[in-house]
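Below is one structure, written out as structure tokens; the observations come after it.
The values are calculated or read from the model by the stated rules, or taken from the named source; none is laboratory data. Fair warning: this is a prediction, and the values are worked out from it, not measured in the lab. Quick reminder, even Gly has a Cβ in these numbers, built from the backbone with ideal geometry, and neighbours come from all protein chains shown. Heads up: the accessible areas ignore ligands, DNA and RNA and are worked out on the full protein's heavy atoms, side chains in. Shrake-Rupley method; radii C 1.70, N 1.55, O 1.52, S 1.80 Å.
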Amino acid sequence: MNAALTGRSTLGDWLEDPAGGPLVRELLTRLGQDVSRLGSARVFSLNRLVELSEGKISQPTVDNLVRAVNGGRLVTGDEPAAATRTDTPEPVRHGLTLDAIQIRDPFVLHDRPTSTYHLYGSTDPNIWDGPGIGFNTYRSTDLRHWEGPFAAFRPPAGFWSEGSFWAPEVHAYQDRWYMFATFTAPDGYRGTQILVGDTPQGPFSPWSEGAVTPRKWQCLDGTLHIDGSGAPWIVYCHEWTQIHDGAIFAQRLSEDLRCATGTPVFLFNASDAPWSKPLPGVSVKFPAYVTDGPFPFRLAGGHLLMLWSSYGEQGYAMGVAHSVSGRITGPWTQEEHALWPTDGGHGMIFRLADGNLALTLHQPNNTPDERAVVRRLVEHDTTITIEDTPTPR
């Protein structure tokens, strides 16, 4: 065993450990769970099972498992966390290709004045339960060769979240650069906070007072949308862990992006899409449908669509929704088939230097193998399709 198993360790880590594997298998079997069908649930931590099991697994039960594999000691993982959160910068490397950069939830910003592409994403080594180190960014002029990492965000002293730093996006707005990113509070509630920087590379610092999404909702993956009148909105997920059938909402923001000013507007549920299937390997009272990574995008002809991710027949997947009214409030309809049906998702659309569209997402979906994938898109009047060309030139 390379590292001590803790409640933060994933189910996959526990199952692969010679001492922890039998204990977790016995626990799951006792709960009527088929270990061979855990699928994507293997990335969940043992601690998260307390939340997902709806009372069937208690925190003392998890603590006892941790003690059993650590000679009676309750190892929490906090000790190495203190050593990991260091101000020593990681050396910048040049000539990197995307297959050398571990990243989830990728987001690409094309800064036209400098002809530079900036890549952001969830970049902590253990984004599920490790300490929150921050977000790194990489830059490129051709989408093939990258340099980095550059520290885009590091939590200041006393920052309200200690871990689960997810899905940063950076948007140009009123002559500054705003990062929307997901953080988790010590009480377990997640939300999207807005950060600000003077350049696309950062550094970014807190702008909103904590999360701008509803405080007692489990929210994630907030993104910025500017409507036809120039008003800013945040579009985000209300997570399946709280409501079972994940949903996507939109909410007005103040003009300065400091806070939310309107009430949440429901857009759609994950189960509305014909291609979306219940999350495998999660034993709850009701089927669990995931919503991840909403990304509204207006095509050149004015049609408003939205990328978003869930689980399909072949694992993590990404589909397209369409606004009937052309407004963010919808109503929204779903395409029958996923745009990206197999083991990849949480994508976004950006314009290339030549004016055409490209897509980025992460694939595969398992940690630590996830990498950013970039594909050209064909832009139609009311939808998009993926070109066969692997990487934009």
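Observations on the model:
- Screening the candidates TYR311, TYR316 for the property of being within 16 Å of the chain's Cα centre (by Cα), open to solvent by 20 Å² or more (accessible area, probe 1.4 Å) and touching a residue at least 24 places away in the same chain (Cβ under 8 Å) yields one hit, TYR311.
- Search result, residues across the range 220-235 that are without any contact (Cβ under 8 Å) to a residue 60 or more places away in the chain and either more than 17 Å from ALA247 (Cα to Cα) or open to solvent by 10 Å² or more (accessible area, probe 1.4 Å) (or both): LEU224, ILE226, SER229, GLY230, ALA231, PRO232
- Residue in the range 197-207 that is of a type outside the set (Ser, Thr, Tyr), in contact with a strand residue (DSSP E or B) (Cβ under 9 Å, 6 or more places away or on another chain), surrounded by fewer than 20 Cβ atoms within 10 Å (Cβ to Cβ) and free of Cβ contacts under 8 Å to residues at least 24 places away in the same chain present: yes
- Of all residues in the range 9-52, those being in a helix (DSSP H, G or I), among the small types (Gly, Ala, Ser) and at pLDDT below 80 number 4.
- Annotation for the range 111-121: at least one member residue is of a type outside the set (Ser, Thr, Tyr), in a strand (DSSP E or B), under 20 Å from the mean Cα position of the chain (by Cα) and closer than 21 Å to ASN366 by Cα.
- Number of residues in the range 262-304 that are closer than 24 Å to ALA181 by Cβ, surrounded by fewer than 20 Cβ atoms within 10 Å (Cβ to Cβ) and in contact with a Phe, Trp or Tyr (Cβ under 7 Å, 6 or more places away or on another chain) equals 3.
- Residues of the range 241-257 that are out of contact with any Phe, Trp or Tyr (no Cβ under 7 Å at 6 or more places or on another chain), open to solvent by 30 Å² or more (accessible area, probe 1.4 Å) and part of a loop (DSSP other than H, G, I, E, B): GLU255, ASP256.
- Unique residue being within 16 Å of ALA321 (Cβ to Cβ) and either crowded, with 21+ Cβ neighbours inside 10 Å or within 14 Å of the chain's Cα centre (by Cα) (or both) when the list is HIS337, HIS380, HIS346, HIS362: HIS346
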